[in-house]
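Take a look at the structure set out below.
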Amino acid sequence: MPKKFYVTTPIYYPSGKPHIGTTYTTVLADIFARWHKMLGEDVYFTTGTDEHGKKILDCAKEANQSPKKYVDEMSVHFKESFEAYNLSFDKFVRTTDPKHKKFCQGIIQKLYDKGDIYKGKYEGWYCVSCETYYTDKDLVDNKCPLHHKKVEWMEEETYLFKMSKYQNKVMDYIKKQDYIFPKSRQKYLINRMKEGVNDLSVSRANLDWGVQFPFDKKHVAYVWTDALWNYVTSTETESKIKFWPADIHITAHDIMWHHSVIWLSLLFAAGVKPPKKLLVHGFINADGGIKMSKSLGNVIDPMELIKTYPVDTIRYFLVREIPLGSDGTFSMAALNARHNNELVNDLGNLHSRTLTMIDKYFQGKIPRSSKNELVKKLHFKKINFYMEKYETHNALAEIWKFINECNKYINTNRPWELATSNPKKLETILYNLAESLRYLSIVLEPFIPETTEKIKKSLGLKKKETFKDLKFGLLGNNQVKKEGYLFIRIEEEKKMEKKSHKTTAGTPISTPEAGHYIPFKEWEKMKLRIGVIKKIQPHPDADRLYIMMVDLGEGETDRQIVAGLKEHYKPEELLNKEVVIFTNLQPTIIRGVESNGMVLVAEFEGKVSVLTPEKKMHPGAQIR
Ligand code: MSP
């Protein structure tokens, strides 16, 4: 029997459309779900919407709709957005589901019968935005500590749950089980618990929207007492019962108290096994570290974002950029840089170079070789270790080390020079590269599933593979299918243009005059350096091109650059010349030969001149 793995996200309030924060949590859950599937485990992944409570009722009133109609419409946005991001949830929970409601009523009755729910009076503060009770001590400037909004004073007859009774048991469980990741959050929570745990008001009188108390129809359940049980009700069918207790609940730190103290106390009171782990991630803030909020107009809409960026770019960015557990910033510039540098340049180029060469030298048929030279450098155990420690960003960094090794393997072996001189070696190199791509299609699947599907297709792979297939030699001599690039470069200007249409401030960023300029920051991205031409030879397949080896002061290896200078210079005129090189240009293959930079020239009416410094310069000297 395979091991079971049950992962959950919070169920979100459908009081507005989903935003990038909701996407973030659900992407993380998806990555863990997919990772465990690839490990061969039996996985269950749930997400959904939390549809009761005062907040929803207020929103529905404002929209002039019945609450049911309102949540029916709003929950669709969440489901659609999660589907658009390829989130592989097995169940989309809705707390208005009659089965869920019935289950909650059963629990409430049980706790009441047991004496753990009693009638009393609640007096205190309440924040509708987070549907949470606060004491005077919790408030910051008399406002909700999370939403910084005005809180309501509540004084009403209510049913209370004896949460204080479970304080010690909960504390013990959290400590023994090491329930909360990261440790710093666990410490914080334990300290907060030491300040005391009060009984919890679990019903609202005079609120006509929620799970009705079975023994007192005037009361509906406090939304959290209803919502938390979704994790259990999702397993209440014959085929799913085995999944409880959950292996990981994933949430941000705003609802850590609810998912530890409230949730564990309720479970202990009801005699239901507790979940194993609470994975608490950080908050995503807008550029500049500012909290995202509707009123500031800086909320990032995940559906808008995918009009410009591939879904996989956003998934990749979210987990690579923000260490799990820390707060992070969603910066468009950082998103763009990761897209262009890591996805287009590193992964995309590796894929396109490999396929182009298999196409060119073997008519698209992957050559075979038994020499295992490259995949040994993919350290799966280490990657899995990072995943077990919830260090998703490090897992990706480790995979990227391997991608860089593969690119280095091409650069040092220079397969394009071997077609006639050493075809056997060429076969070995290209087989090893194709195998590496297959390995990448497996280990990257949980992170960027659309891309790994493309890689698999391009290698002619049809069967679903898992981590078990990380064995050298499984790739047959399939016919490759080169159908476009994995990722296309996104120019900052294009992105800015798009953004300017979207800006709510009403002032477009680019004016016709501004269109003549590139922003200063763009210039800083070009790395221009002095290079010395050390070797020069004509390109075997092109009349106007030279292949040059250029010393850029980068240590022992010179860079290979293909340049269209044959009509303008004799080789001896260029040899040992100091020229200006554009060094961080995306590497490309020109007529089968790789070029890693560009020689800058001046041109006027057909006359071309390379640029040389006036004084003798050191190779690698920077142009600025
Ligand atoms: N309905 C409750 C949860 C009940 S679970 C039994 C709720 N809903 S919520 O819509 O407010 O969602 C809060 C969660 O959304 C956070 O814990 C986090 O998972 C996600 N995020 C919302 N904004 C976020 C950011 N800006 N950054 C990261 N995650 C964010 O609380």
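Figures for the structure shown
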| read-out | value |
| --- | --- |
| Between helix 449-458 and the chain: long-axis angle, C-alpha atoms, 0 to 90°, nearest 10 | 40 |
| Backbone HN-Hα couplings from phi across the stretch 401-414 [Karplus 6.51/-1.76/1.60, Hz, Gly and Pro as x] | 4, 5, 4, 5, 4, 5, 5, 5, 4, 5, 4, 7, 7, 6 |
| Computed accessible area, Lys577, all protein chains, 1.4 angstrom probe, square angstrom | 70 |
| Cα-based helix-to-principal-axis angle, 311-321 vs the chain, degrees rounded to 10 | 80 |
| Carbon and sulfur %, accessible surface of the stretch 1-143 computed with the full protein complex present, 1.4 Å | 51 |
| Leu470 - accessible surface, heavy atoms, 1.4 Å probe, Å² rounded to 10 | 30 |
| Where labels lie 7 Å past Cα in the beta-carbon direction, separation of Leu600 and Gln586 in nm | 2.1 |
| Long-range Cα-Cα pairs in the chain (distance over 35 Å), rounded percent | 51 |
| Sequence of Phe283, Phe89, Phe45 from largest to smallest accessible area, 1.4 Å probe | Phe283, Phe89, Phe45 |
| FRET efficiency, 1/(1 + (r/R0)^6) with R0 30 Å, evaluated for Lys3 and Asp346 via beta carbons | 0.35 |
| Estimated inter-spin distance, Glu450 and Asp301, nm [label 7 Å along Cα→Cβ] | 1.8 |
| Average accessible area per residue (Å²) across the chain - probe 1.4 Å, nucleic acids and ligands excluded | 47 |
| Considering only the stretch 1-138, percent of DSSP beta bridges that pair antiparallel, nearest 5 | 20 |
| Cysteines in the chain that, by Cβ-Cβ distance, have no pairing candidate under 4.7 Å | Cys59, Cys104, Cys130, Cys406 |
| Under-5 Å amide H pairs with Lys371, H placed in peptide plane, nonlocal only | none |
| Mean separation of Cα contacts under 8 Å (6+ apart) over length of the stretch 132-196, as relative contact order % | 16 |
| Rounded to 5, percent antiparallel among DSSP beta bridges of the chain | 70 |
| Stretch gain in nm, segment Tyr485-Met526, where the contour uses 0.36 nm per residue and the Cα spacing is subtracted | 12.4 nm |
| Amide N proximity, the stretch 32-73 versus Asp178 label position 7 Å along Cα-to-Cβ, cut-off under 20 Å | 32, 36 |
| Contact order relative to length of the stretch 297-411, as percent, for alpha carbon pairs under 8 angstrom and 6 or more apart | 31 |
| Pairwise label distance in nanometres, Gln363 with Lys187, each label 7 Å out on the Cα-Cβ vector | 6.6 |
| Gain upon complete extension [Asp138, Ile623; 0.36 nm per residue less C-alpha separation] | 169.0 nm |
| Size of charge dipole - the stretch 103-222 - debye, nearest 20, with Cβ of Lys, Arg +1 and Asp, Glu -1, no other charges | 580 |
| Rounded if a/c under 1.5, otherwise prolate or oblate - the stretch 281-322, Cα gyration tensor axes | oblate |
| Spin-label zone in the stretch 547-577 - amide nitrogen under 13 Å from a point set 7 Å from the Cα of Lys615 along the C-beta vector | none |
| For the stretch 183-328, share of DSSP beta bridges that run antiparallel, in % to the nearest 5 | 55 |
| FRET E, pair Lys463, Asn422, Förster distance 45 Å, beta-carbon r, rounded to 0.05 | 0.85 |
| Order of exposure, largest accessible area first, which applies to Asp359, Asp469, Asp543 with probe 1.4 Å | Asp543, Asp359, Asp469 |
| The chain - charge dipole about Cα centre, Lys and Arg +1 at Cβ, Asp and Glu -1, debye rounded to 20 | 1660 |
| Cα shape, the stretch 79-198, gyration tensor, a/c 1.5 rule | rounded |
| Residues with amide H under 5 Å from that of Leu207, placed H, sequence gap 5 or more | Val220 |
| Phe604 accessible area, assembled protein chains, probe 1.4 Å, Å² | 140 |
| Fraction of alpha-carbon pairs over 17 Å apart in the stretch 26-127 - percent | 68 |
| Solvent exposure, largest accessible area first (probe 1.4 Å, DNA, RNA and ligands not counted), of Met598, Met549 | Met598, Met549 |
| Helix-only mean residue ellipticity at 222 nm for the chain, each DSSP H run of n ≥ 4 adding -39500 (n - 2.57), per residue, nearest 500 | -11000 deg cm²/dmol |
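The values are calculated or read from the model by the stated rules, or taken from the named source; none is laboratory data. Please read these numbers as outputs of a predicted model, since none were measured by experiment. For neighbour counting, all protein chains shown are included, and Cβ atoms are generated from backbone atoms with ideal geometry for every residue, glycine included. We work out accessible area using only protein heavy atoms, side chains counted, and drop any ligands, DNA or RNA first. Shrake-Rupley method; radii C 1.70, N 1.55, O 1.52, S 1.80 Å.
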